[in-house]
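Working notes, beginning with the structure itself.
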Amino acid sequence: MSDLTATAWLAAARSVHFGACLLLFAVWFFDRFIAAPVDVPGAARTSGDLLAGRRTIARRLALLALPAALASGVLWFVIVAAEMGDLPLAQALDRGVLGTVWSKTHLGSVSKFRLICWLGACIGTPPALYLRPGSFLCGVSNWVALIASALLLGSLAWVGHGQIGPQVGFHLAIDTIHLLGAGCWPAGLLPFSLLFSRWKRMDKTVSWGVLADLTHRFSAMSLACVMLLGITGLANAWLLLGGVSDLWTTPYGRWLLLKIALFGAMAGLGAINLLYCRPRIAGDSTRTAATGVLEFNVKLEIALTTLVIVVVAILGVLPPGSHPG
Ligand code: HEM
């Protein structure tokens, strides 16, 4: 397998892995801090209706993200092991090679920690989604799934460019905050979009006030995350670029410019949702148009998020400006 093919496979494995880890954390963060506070007694004509919708969506997304995270993580590990041994992929599948990387390298230690986090998320998920809501075990499982998925996502900083450069501690902290911020927004757009359209279809039992509250909470959180991603992203760029001109003179810089442009477009759509859609959702005469614009914008943002994740996957396999490699 040529180097280019191996790099392309690595970028593909990173894309799926970032997507799966971002989504898994987003499912639990969104349900606990955005959807659950809206799902209060009396919010729906039949109690439990809202929760049933929340659980169905969390179940489907978690059952998608968990195996995707494992499979892509294993592929990522094997490809990097092959690179470390300067071996063709087939030979890297030799147990000796993988065993050495697993037990003797930084990647191996971080992967062990991340496998434990993944197992924690697997253990917490079923009871959190099937046990009686409000029961002690259900509550504990929910927290286990949320914390395990946060650690699984945040620990990606330890296998990325966050671990290089003169200020590693600061860089790792910035990168971890950046990853968790991205796990709230824009990764939260998918559970939001699915729950919004599901609750909207239940208009006989769910009031528009509930949908307006859900949108209000989500867009307030999104605004905070846009600012957090902008600040931590700039800090990341400052630590990784050799200078501003790297943005247009290096492949790394040009991919980062594309990412910033995609981010700008997403923030623009978010501003329309916040300033135009949100205030009109509860209004009888304005809600249909506002809901239509909101649902369209959110779908567009989800598509742009997918592109950002692919760009991030590519950034991680390129030498940053400050470390031309
Ligand atoms: C939609 C918003 C954004 C999302 C979803 C996002 C997501 C991510 C993710 C998942 C990583 C990988 C971290 C790692 O490998 O350790 C990352 C890294 C990074 N992000 Fe962002 N980010 C966003 C916005 C931004 C913005 C606005 C900037 C710049 C102003 C930025 C600059 C960076 C840089 C420089 C890195 C390091 C890439 C590397 O070399 O591995 N990000 N981002």
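Some notes on this structure:
- Computed on the Cα atoms alone, the convex hull of region 165-210 gives a volume of 65 cubic angstrom per residue.
- Convex hull of alpha carbon positions in the chain: directionally averaged projected area 17.3 nm².
- Using bins of 10 Å that start at zero, the share of Cα-Cα pairs per bin across region 70-114 amounts to 31, 61, 8, in whole %.
- C-alpha center-to-center spacing [region 103-171, region 5-31] in angstrom: 14 Å
- With all projection directions averaged, the alpha carbon convex hull of region 192-325 covers 8.5 nm².
- Here the convex hull built on the C-alpha positions of region 137-185 has a volume of 63 cubic angstrom per residue.
- Dipole magnitude of the chain, debye to nearest 20 (Cβ charges: Lys/Arg +1, Asp/Glu -1, about Cα centre): 900 debye
- Solvent-accessible surface of region 210-325, averaged per residue with a 1.4 angstrom probe and all protein chains in place: 48 square angstrom.
- Relative to the longest principal axis of the Cα atoms of the chain, the long axis of helix 251-272 makes an angle of roughly 0 degrees.
- Accessible-area value, Met84, 1.4 Å probe, nucleic acids and ligands omitted, Å²: 100 Å²
- Relative to the longest principal axis of the Cα atoms of the chain, the long axis of helix 106-130 lies at roughly 20 degrees.
- Rg/Rg_ref, region 235-279, where Rg_ref = 2.2 N^0.38 Å and atoms are Cα: 1.54
- Size descriptor for region 59-138, Kirkwood hydrodynamic radius: 14.4 Å (Cα pairs only, one decimal).
- Within the accessible area of the chain (1.4 Å probe), percent carbon and sulfur: 71 percent
- In terms of the mean number of neighbouring beta-carbon atoms within 10 Å, the peptides 13-26, 238-251 order highest first as 13-26, 238-251.
- In Å², nearest 10: area of Lys200 left accessible to a 1.4 Å probe: 60 Å²
- For q = 0.13, 0.17 Å⁻¹, Debye-computed log10 I/I(0) when each Cα of region 104-166 counts as one equal scatterer: -0.43, -0.61
- Derived scalar couplings between HN and Hα for region 84-97 equal 4, x, 6, 10, x, 3, 4, 5, 5, 6, 4, 4, x, 5 Hz in order, rounded to whole Hz, by the Karplus curve 6.51 cos²θ - 1.76 cosθ + 1.60 (θ = phi - 60°), x for Gly and Pro.
- Its convex hull of Cα atoms gives region 103-228 a direction-averaged projected area, equal to a quarter of the hull surface, of 10.1 nm².
- A 1.4 Å probe run over region 109-203, with the rest of the protein chains in place, finds 42 Å² accessible per residue.
- Point-to-point label distance, Lys200-Leu300, nm (Cα→Cβ direction, 7 Å offset): 1.5 nm
The values are calculated or read from the model by the stated rules, or taken from the named source; none is laboratory data. What you are looking at is a predicted structure, and each value in this text was computed from that prediction instead of being measured. Because the Cβ atoms are built from the backbone with ideal geometry, glycine has one as well, and the counts that use them run over all protein chains shown. What goes into the accessible areas is simple: the full protein's heavy atoms, side chains included, and nothing from ligands, DNA or RNA. Shrake-Rupley method; radii C 1.70, N 1.55, O 1.52, S 1.80 Å.
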